[in-house]
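A short worksheet on the structure shown next.
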Number of protein chains: 2
Amino acid sequence: MKLSIVAFDNFTDIDVFLMWDIFNRVDAPNWSVEILGSQDSHISSTGIRIPMHGQLERARHSDAVLFASGIGTRAVIKDQAYLDRLQLDPTKQLIGSMCSGSLILAKLGLIQGPATTYPTSRRELIAMGVEVVERPFVRNGNVATAAGCLAAQYLAGWIIETLTDEATKERALLQIQPVGEGQSYAADEAGVALTAV
Amino acid sequence: MKLSIVAFDNFTDIDVFLMWDIFNRVDAPNWSVEILGSQDSHISSTGIRIPMHGQLERARHSDAVLFASGIGTRAVIKDQAYLDRLQLDPTKQLIGSMCSGSLILAKLGLIQGPATTYPTSRRELIAMGVEVVERPFVRNGNVATAAGCLAAQYLAGWIIETLTDEATKERALLQIQPVGEGQSYAADEAGVALTAV
């Protein structure tokens, strides 16, 4: 299973890293995750530059493609050369977005039905002809939108469960919950596999 | 107000980036956040190399110092030269840790009373003489420990409220909540300032 997170300049840090972190806690055979971009590295909206694992063209070969958010999505949707490099296929791939990443899905014509986005990109998404609903996660077939950073759990959870199974999803998501609020020392005592942190 | 997040090789991605993201959503005068390390860049446990904003010695001049977690904490606590570069003062600074960052606080002699940590570092923290309690956030005066990635909200929230006020903390934390689950489009309609993402 190959997963791609798509980043770009001026991405929102947490909307790349929360998905990345959750996906990296998945214990499943042949599971790989990479961050793709149009350049060798991209800078976040807070100024952190991170290296990419590969170029955009690799996304078309992934089982799941997740778009990050950020003020940079506004430049991406105006850049036809960038968009042409994607060539995604929602009949064969799972495709999703965090927050204003929904603008990219809309521009690619991938949103068929209601969708969600961050409050500050709601008007822009409506202007692109999308019915925006106030929900953390909206799925239509193989395409889903999530909004509000911590809703990455729902988006990543859907991807993991679809590509593996419910138990694998639950194990991955449990690992990031607060101790005493979902996660407990009893799990460790009982030998449940946790990524050491 | 100056805040420092301390990273090192083999840090847990989300335990740097969730605090970093929340702190960067704070709207307060003279508010600055930086990520410090012992080198110009550090690599996460999943292989993402990020640049540092400065060296460890700057932490002693910060109002708040937060230690990230990760398997790399085990090397840090054995590196006396690294630890000697910190020179923190809990009578003048707020000091905190995520997950196994608690091992560094313990090694520095900063934990006076119960503390929390991630399940996979619980035995190590107990072996250092600390009473470990199964809670997401434990504070003793100016020193606090948090555990389970999403408990970064409690640690960052304590820091923000102590250095600014409760309303500023609430505004910062609200921005990362899922749409429809805490965060709503009504806030945007009402003109509440949100960082565009």
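According to the square roots a ≥ b ≥ c of the eigenvalues of the Cα gyration tensor, what is the shape class of segment B:99-139, taking rounded for a/c under 1.5, prolate for a/b larger than b/c otherwise, and oblate for the remainder?
Numbers: a/c = 1.42, a/b = 1.14, b/c = 1.25.
Rounded shape, in that the Cα axes give a/c under 1.5.
For segment B:45-197, what ratio Rg/Rh do Cα atoms give with a Kirkwood hydrodynamic radius?
Values: Rg = 17.0 Å, Rh = 16.8 Å.
Rg/Rh for segment B:45-197 comes to 1.01.
Consider the operator that turns chain B into chain A: which B residue has a Cβ nearest its axis, and what is that gap in Å?
So the chain B residue sitting closest to the axis is B:F17, 2.
Using the Cα atoms of segment A:1-80, I'd like the radius of gyration and the largest Cα-Cα distance, Dmax, both in angstrom.
12.2, 38
Peptides B:11-23, B:111-123: what's the order by average Cβ count within 10 Å, highest mean first? Could you put the intermediate results ahead of the total?
On the way: B:11-23: 27.9, B:111-123: 21.7.
Per-residue mean Cβ counts within 10 Å order the peptides as B:11-23, B:111-123.
If Lys and Arg each add +1 and Asp and Glu each add -1, what is the summed charge of the other residues whose beta carbon sits under 12 Å from the beta carbon of A:P114? Each step should come with its number before you reach the end.
Numbers: positive: A:R135, A:R139; negative: A:E131, A:E134.
Every neighbour counted, the sum reads 0.
Taking each label point as 7 Å beyond Cα in the direction of the beta carbon, state the distances from B:T162 to the same residue in the other copies, shortest first, in nm.
Distances to the matching label points in the other copies: 4.3 nm.
Label position 7 Å from Cα toward Cβ: report the copy-to-copy distances for A:G54 in nm, one decimal, ordered from shortest.
4.0
Can you give the % of DSSP beta bridges in segment A:70-169 that are antiparallel, to the nearest 5? Mind dumping the intermediate values first?
Numbers: 4 of 9 bridges.
Antiparallel bridges make up about 45 percent of those DSSP assigns within segment A:70-169.
With 10 Å bins from zero, work out the P(r) of the protein assembly as shown over every alpha carbon pair and list the percent per bin.
5, 25, 33, 25, 10, 2, 0
Can you pick out the pairs among B:K92/B:K169; A:K2/A:K107; A:K169/B:K2; B:K2/B:K107 whose Cα atoms lie more than 28 Å from each other?
Working: B:K92/B:K169 21 Å; A:K2/A:K107 24 Å; A:K169/B:K2 38 Å; B:K2/B:K107 24 Å.
Result: A:K169/B:K2 exceed 28 Å.
Assuming 0.36 nm per residue, please report the length gained on full extension of the stretch A:T91 to A:D63 beyond their Cα-Cα distance. Walk me through the numbers on the way to the answer.
On the way: separation 28, 0.36 × 28 = 10.08 nm, distance 1.08 nm.
Extra length available between A:T91 and A:D63 comes to 9.0 nm.
At A:D89, label 7 Å along Cα→Cβ: distances to the other copies, nm, ascending?
Copy-to-copy label distances for A:D89: 6.5 nm.
Hey, how many Å between the Cα centroid of segment B:73-103 and the Cα centroid of segment A:64-127?
Segment B:73-103 and segment A:64-127 have Cα centres separated by 41 Å.
If I take R0 = 22 Å and measure r between the Cβ atoms of A:Q112 and A:Q80 in this structure, what FRET efficiency does the formula 1/(1 + (r/R0)^6) give, to the nearest 0.05?
On the way: r = 21 Å, r/R0 = 0.97.
Step by step, r from the Cβ atoms, then E = 0.55.
In the protein assembly as shown, what percentage of the DSSP-assigned beta bridges are antiparallel, given to the nearest 5? Write down the numbers at each step before the final one.
Working: 14 of 58 bridges.
Within the protein assembly as shown, antiparallel bridges account for around 25 percent of the total.
Excluding A:G180 itself, what net charge comes from residues whose Cβ is under 10 Å from its Cβ, given Lys and Arg +1 and Asp and Glu -1?
Values: positive: B:R135; negative: A:E181, B:E134.
So the surrounding residues net to -1.
Any idea what the relative contact order of segment A:50-197 is, in percent, if you count C-alpha pairs under 8 Å spaced at least 6 apart?
On the way: 205 pairs, mean separation 25.6, N = 148.
Rounded, it is 17 percent for segment A:50-197.
Write down the percent of antiparallel bridges among all DSSP beta bridges whose residues are both part of chain B, to the nearest 5. Write down the numbers at each step before the final one.
On the way: 7 of 29 bridges.
Taking every DSSP beta bridge with both residues in chain B, the antiparallel ones total about 25 percent.
Compute the FRET efficiency between B:D40 and A:Q39 as 1/(1 + (r/R0)^6), taking r as their Cβ-Cβ distance and R0 = 30 Å, and round to the nearest 0.05. Intermediate results must be reported in sequence, preceding the final value.
On the way: r = 21 Å, r/R0 = 0.70.
It comes to 0.90.
Each reported figure results from applying straightforward, stated rules to the coordinates on display, with no laboratory input. The structure presented is a predicted model; accordingly, all values stated were derived computationally and were not measured. Positions of Cβ are generated from backbone atoms using ideal geometry, with glycine treated the same way; all protein chains shown enter the neighbour counts.
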